[in-house]
Each structure stands twice: as structure tokens, then as C-alpha cells.
There are 2 protein chains.
Amino acid sequence: MADLVYQRIIKDLTRRIFAGEFAAEMKLPDERHLSTEYQVSRSSIKRALALLANDGIVFKKRGSGTFINPLYLENQSLFNYEGSNLGITDNLQMAGKKPGIKLLEFAVIPATKTLQRDLFLQSGEFVYQIKRLRLLDDQPFMIEESFIPIKVVPELNQEIAGHSIFNYLQATKKQAVTKSFLTIGAAPATAEDQKLLQLKANEPVGTMAGIFFLDDGTPIEYSFMRMHYQYLKFNSFVAIEP
Amino acid sequence: MADLVYQRIIKDLTRRIFAGEFAAEMKLPDERHLSTEYQVSRSSIKRALALLANDGIVFKKRGSGTFINPLYLENQSLFNYEGSNLGITDNLQMAGKKPGIKLLEFAVIPATKTLQRDLFLQSGEFVYQIKRLRLLDDQPFMIEESFIPIKVVPELNQEIAGHSIFNYLQATKKQAVTKSFLTIGAAPATAEDQKLLQLKANEPVGTMAGIFFLDDGTPIEYSFMRMHYQYLKFNSFVAIEP
DNA sequence: TTAGTTAATTGGGTCGTACCAATTAAAAAA
DNA sequence: TTTTTTAATTGGTACGACCCAATTAACTAA
């Protein structure tokens, strides 16, 4: 993973940032200095910094320097899309917790109108309906209901659904889920939410609904997630062109 | 705008894509061909294509080519972020509702340690503390507490704070807010939330905390927002590198 | 024909140079 | 001292060279 120069730089700079090495000035050394320090070209440094800036970890001011985004230090996102997959399982491992999955339901149903549109299916096609409870260190935190077209993984079964489906796809078909379109929201907890997520009466759930795509643009899954509100920390860096 | 090479390429390629020039194969010419065609270096072509891929307009497959994302042609609005400003007011106008602002508090306070760090202020600098209730069609939906450095807009007063500050900045200083770093979450409603937002006992609030930046990277505002949960709908297109 | 191998195609990564543009620091002038 | 001018600093853009890696097309052998 870190065999590429710019990825190595990103990894190390991120580590140093979170270790507080630049906390005094909240500013990174200039590009030319980093270039000689890491013994790589300035181009590679620029590439690494550009990606860090794109994630909102740092931001650059021409003529002034590259500065650390202080908010990023505070809120290390639960859904910190690093690595090679967008799946929940993978990202939570990075948070240092042990992810778990409890399969609640597993069925095959005809795709509804909405699913046909969202997953680009023809009328009459079928999808898996998979309801799972996600755990962190054996503590439930999210209810996930997923719909996956049968034609994508005809061999899917309860055994596979008990683990990370994205990991299975990547292992067997070498197809990584690299894009997603999500809608984040909040809602009062239902009775089921309260029971499964161990919520008190007035505690809400965070919701995430969205489509996941393979690298080639194929929509592969529609998911609706309800999670313990304390676990919904979604960081977003938005930049629009002037 | 289009005086830069890669921006010129992006603009022209986008035009050609939507004109259907490549609709037959849904594939762009290879990078080396584009390089000679546009009489620019392959590096610039790569840069342009990388940005197009980043927006989900095309996707690249090593060894195969650069392909047009059919989803983008079919449902452009899904991926597009329109507008020239990030402010709440502006975006909600698009939803067709009439935005309103009720000023709750307006004060000048010394920047706290956290604010000093988040807004890159020196010790001893002052900020406006502005608490506002946001309305849509005269219906309250969000409590917003903002902190803006005095030095950015020394002339700010209660009159101005009663309207969109971002619009004021753009109108008077020609400085648009083009970047933001937000953390989205959910929380149970406090007594104040319930009163101001007319929430029932078990109904939660959505929270958004973040920094807003000018185009040049200057942090201009730290905001903490608590909104009626039905109004928290945050769309996010995430793509990671394979 | 089929299966396996090789070559060509195509995007990816790295390096280094050159110059530009915005900011800041230093120096000079008022 | 204050203001203005100049120089140094720092990120931005562009170019082109070189090689790598994944895919596809062409070729070869069974």
C-alpha cells in the first residue's frame, strides 16, 4: 500500500500531524524543504499535499504556506475513507475497534420501482434483501439494510452475508467499491432501534442512505443505515469552483 | 477562468462529452492522442482527466482507456453541486423556500483557545458571537451560533447580522466563501432546542459544526448548528483512489 | 480451433526543470 | 517613526522525460 512515494509521504505526514509535531505553528514545512527532507521530488510532495488538502486535512495558501486544518485533529471521523474500500467494516478497523456483524434477515425479493431506478435494474430483476446488525467490540451500533442485485453476486449466501460483502467482492472478483453517493440525516429512534442499539427513550439515530458503486461505475448496492447517534460523525470537506 | 491549460481542456472536453461526440464508444481518445490534438503536454491532459474523474464525469481504467460515466449523462443533478456560495441561505433558496433570520444574540468576545486555533487567531483577538434562528417560510428550523473574527468584517453590526453575512461579504468585498469543513452528527434535543425548533420530546436535532473558508483559504467563520432533524439532508459523493 | 505467449496500447508514477503569482519579510525612502 | 519599495519565500502551473503496470490485441503453438 505504501509502496508509492506520494502515499508514503501522505502516511508519514498524517502520522506526524496527528502526533502533534506541527501543532505549534499549525503549519507544515514548505514544499522544497519537505522535498529534500524526504529525498523525493517536489512534484511528489505537491501530489501528496494536494491529496491531503482534498481531504480537508490541510489547506494551502500560496505565498504563505501549508496549514493544518484544526478541526480535523478534533474529529477523527468514524467514516474516514482511507484504504481501498468504502465498506463499513474496513473503515472501522482503522479506528482500532473490532468490527462484527450479526445477520438479522436474508431474503430474495423482486426489485421495487425505487430500487430499479437506484440500481439501474430492469423490471422483473431480483435483489438480495440483507438486514444486518453492525457491532464494534461486540457493542451494537448500526442497523444496516442492504439491497444487492442478484446478477452481481449470484452465489451470495447467508454465510457470506455474515461478513463483509465488499471484502468478498474484492477477494473473489477483484472489484473494489470505490465510489458512493450518500444522504446523511437524523431521526427519532423506533422501538426496534431502541432495542437493537440499546438507546434511551429520547436518544435518536443517525441515518445514512446511499448507493455504492464499483470502480467502473456499476451500482452494486443500495443501503439504508440507522446508527447510534454518537457514532454518526461524518466529516465533509466541500469546495466549489469560483 | 479558462486561461489555464488544464481548465481549458476540462471545459472543452466537457463540452464535447455533452455534445455527444464520444457517445458511440463512451470513451475518450487516449491521453497521448489528446496531448498532440490539444498541443499540450500529457501531464496537463492527465491533470484535466484526473479532475474530471474526481467529479465523476469520467472514469479511467489503466490499460483500457478513459470512459464516460453514463450515470452522469443520465442524472446530472445527482452529482452536481451548483451555485457560487456555500451559505445556508443561498442553498435553501434553491429549495424554493423563503429563508428568514431572527437574531438572538450579538456580542463581541475574546476568542477562546479553540477559536484561536480553528480560525487562526492570535491570543487577544476578538470575535463576533452571533446566535441566530434560521427560518424557512417563517418556520424555525435551525439554531446557528457563529464566530467571526472582528478583523475580517470590522463594520459588522446587528443590522447586517440579521441577513446573510456571506452575501454581504461577497457584495462588499468580492470574497466568496468557497470551502467548508463540516462535521455532521445527531444529538438529542435540549430544552432550548425543543422550544426554539418546536420539537416534540423524543425528536432529535441534526448537528453541523465547521469552518468556512474564503477562496484563498482564509478561515472566516466557525459555526455550530443545531437543526430540526427533518431538515438535515446532507448529500455526499465520495470517491477513493483504487 | 483453442490455448498460451508475446507485443502493442493505455493509464500511472516519479523525477527534474523552468517560470509564474501571491504573500511575507527585509530594506530603503519619506 | 512611518510608508514605500524591493527582495526572498512559498505554493501554482506547465513541460517533458523515463519507466512501470494493467489491459487488450496480435501472434504462435498445440
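Expressed per residue, the C-alpha convex hull volume of the range A:95-223 stands at 125 Å³. For the cross-link pairs A:LYS179/B:LYS11; B:LYS102/B:LYS195; A:LYS60/A:LYS179; A:LYS11/A:LYS98, the ones whose C-alpha atoms lie over 18 Å apart are A:LYS179/B:LYS11; A:LYS60/A:LYS179; A:LYS11/A:LYS98. Counting only Cα atoms, the range A:5-74 measures 31, 25, 21 Å along its principal axes, largest extent leading.
With the label put 7 angstrom out from Cα along the Cα-to-Cβ vector, B:GLU105 ends up 4.5 nm from the copy partners, going from closest to farthest.
Each copy carries a label point for B:THR14 at 7 Å from Cα toward Cβ; from one copy, the others' points are 2.9 nm away, ordered from shortest. Label-point distances for B:GLN139 to the equivalent site in the other copies, using a point 7 angstrom along Cα→C-beta, read 3.7 nm when ranked shortest first. Surface listing: A:SER123, B:SER44 arranged by accessible area from highest to lowest gives A:SER123, B:SER44, probe 1.4 Å.
The values are calculated or read from the model by the stated rules, or taken from the named source; none is laboratory data. Since this is a predicted model, take the numbers as computed values, not measurements. All Cβ positions, even for glycine, are placed from backbone atoms using ideal geometry, and neighbour counts span all protein chains on display. Protein only, heavy atoms only, side chains kept; ligands, DNA and RNA dropped before computing areas. Shrake-Rupley method; radii C 1.70, N 1.55, O 1.52, S 1.80 Å.
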